[in-house]
Amino acid sequence: MTAILGAGISGLAAGHYLLRKTPTLPLTIYEATDRIGGWIRSERSPDHGYVFEAGPRTIRPKGPAASNTLELIEELGLTDQVYSISSNHTAARNRMIYAKGKLNMLPNSLGGVLKTVPPFTRPLYFAAFHDLLAGRSKTALTDESMYSFVERRFGKEIADYAVSSMLCGICAGDAKQISVKFLMKDLFEREQRHGGVIVGLLKEALQNRKKKQPQSVKKPATQMARLADRAKAENWSIYSIRGGLQTLPETLATDLQAKGASIVTGTKFEELTFDGDRVVLRVDGKEQLLQHLVSSIPSYKLAKHVQKQHPQLASTLSSIPFVDVCVINLRYRRGDLLRQDGFGFLVPPIENLPILGVIFDSCCFDMDDNTVLTVMMGGAWFEQWFGKNPSDEHLLGVALEHIKKILHIEQQPDSYKVNLLRKCIPQYTVGHQDRVKAIRAYVEQHRLPLSLCGASYDGVGVNDVILSARKNVETIQQ
């Protein structure tokens, strides 16, 4: 038998790809909580026409990992439930940051790059000149923080306002701690090879032109590629699933159970022992002998269960930090409260505020005649602002104070939900890729029948964790 730890989206996806590979495989998925879906959690209010999302709410459609997710959605029969937002939609074009006491619209066209747009004091194209003049790093680097790299190559304003706020939205992280390889690995490696990002791009473009490019053979479209083709043709910016993103893990779970997999929630994961080429798993007082174990649970949780037998592995697993995030959903029974439509705004850490940003949900999706907002707070700065155990009342009060200050919404929400998500997002700090390599090298060297997938290792987005599941279970020898 094979077992999977965790019934979040990555664990469920791992089950999907295992059964696609070996349909008769006896498979059990163990989940400690009483629900499936992990951090994807949609609270639906169909009578009032809105959805609260405690975690992710949208998915990006571009890139190989995104195409893989769209393929999965097709396989599950959810194509008709996809709700897409095109690149010319207001929510795609209007993205803001709150800086210097006001909301500032980020450039969404070439014209915006060529002129000075607050909070920046120079046109953004000056960043390219900064890179050309910066020269090579003083010493060869294998990694550095995102902030350090961007400040060196493109200037302090880009680091403070653009990149730092972007990381608040992606992983609630501090750009001065997060590895440049998290989002800018290619740019960093070009700089190290060629002495600059722009120089590297130009050199590689020239080299590629000189190489004889073979005629590409157009592959016949497969049924599973249709949604990705449609996303490209219709120029999607983001998309979600009708009824909330939780529809995706719910459908995955139903499909897995229909194929014979067992999903057990509310389980107590007690002990894990590796015995030669087998795994002994004790769950709810019962021992299971497994051929293989797939762990999609956070690295720090797995570390506790391998500590006794493999302390070196446990130490590396534990070295991946996580942050707490408070997500507060607000709903007002008026659809005209926002002075500026858009996706929402982010707050760069240089502003020294407790909120990371606000998403304008009702601008992105049809919420009937409601204004629905999501306030994100804390992250890398959670304890600094809120201490160890803040009350829901205090967290809500801070959120409403900043909604009033920034968006000028003075009325109380008609409904709300405070979600305190403890240790919800792993932080890919400097050296993260080396840590993950060391973890997987240890597993391979000791021939442990263990596969690792999920947000702790290969990316924190929905696309990332689904592809992580696929790649890491497809190599399992059954």
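The values are calculated or read from the model by the stated rules, or taken from the named source; none is laboratory data. Keep in mind that this is a model prediction, so the values were computed, not measured. Because the Cβ atoms are built from the backbone with ideal geometry, glycine has one as well, and the counts that use them run over all protein chains shown. All accessible areas refer to the heavy atoms of the entire protein, side chains included, with ligands and DNA or RNA removed. Shrake-Rupley method; radii C 1.70, N 1.55, O 1.52, S 1.80 Å.
Structure notes:
- For the pair Glu75 and Arg339, the difference between a 0.36 nm per residue extended length and the Cα-Cα distance amounts to 91.0 nm.
- Partners of Lys156 within straight-line reach, counting lysines whose Cα lies under 22 Å from its Cα and excluding those fewer than 8 residues away in the same chain: Lys100, Lys102, Lys115, Lys138, Lys176, Lys181, Lys185.
- Protein accessible area in the chain, 1.4 Å probe - carbon and sulfur %: 50 percent
- Only helices enter the 222 nm calculation for the chain: every DSSP H run of n ≥ 4 contributes -39,500 (n - 2.57), and dividing by all residues gives -10500 deg cm²/dmol, rounded to 500.
- Simple point charges give the picture: +1 on the Cβ of Lys and Arg, -1 on the Cβ of Asp and Glu, and for the chain a dipole about the Cα centre of about 1760 debye.
- Considering every alpha-carbon pair of the stretch 92-210, the percent of pairs per 10 Å bin, from zero through the bin containing the longest distance, is 13, 40, 36, 11, 1, 0.
- Accessible area expressed per residue, the stretch 280-363, with surrounding protein chains retained (probe 1.4 Å, Å²): 42 Å²
- Most positive-pole-ward Cα, Leu407, Tyr428, Val82, against dipole of the chain from beta carbon charges: Tyr428
- Gain on full stretching of the segment that runs from Gln312 to Glu444 - 0.36 nm per residue minus C-alpha separation: 46.1 nm
- For the stretch 322-425, the calculated P(r) over all alpha carbon pairs, in 10 Å bins from 0 to the bin holding the longest distance, is 15, 50, 29, 6 percent.
- Once both labels are positioned 7 Å from their Cα atoms along Cα-to-Cβ, the gap between Ala205 and Asn108 label points is 2.6 nm.
- The stretch 92-210 - charge dipole about Cα centre, Lys and Arg +1 at Cβ, Asp and Glu -1, debye rounded to 20: 320 debye
- Heavy-atom accessible area per residue - the stretch 92-210, 1.4 Å, Å²: 51 Å²
- Bridgeable lysines around Lys21 (alpha carbons under 17 Å apart, same-chain partners fewer than 8 residues away excluded): Lys259, Lys471.
- Nearest-20 debye value, the stretch 322-425 charge dipole, Cβ charges on Lys, Arg, Asp, Glu: 260 debye
- Volume of the Cα convex hull of the chain, divided per residue and given in Å³: 174 Å³
- Working note: Debye formula, equal point scatterers on the alpha-carbon atoms of the stretch 348-478, no solvent; log10 I(q)/I(0) at q = 0.09, 0.12, 0.14, 0.22 Å⁻¹ is -0.43, -0.69, -0.83, -1.33.
- Candidate cross-link partners of Lys308 among the lysines, defined by an alpha-carbon separation under 26 Å and a same-chain spacing of 8 or more, comprise Lys268, Lys286, Lys423, Lys437.
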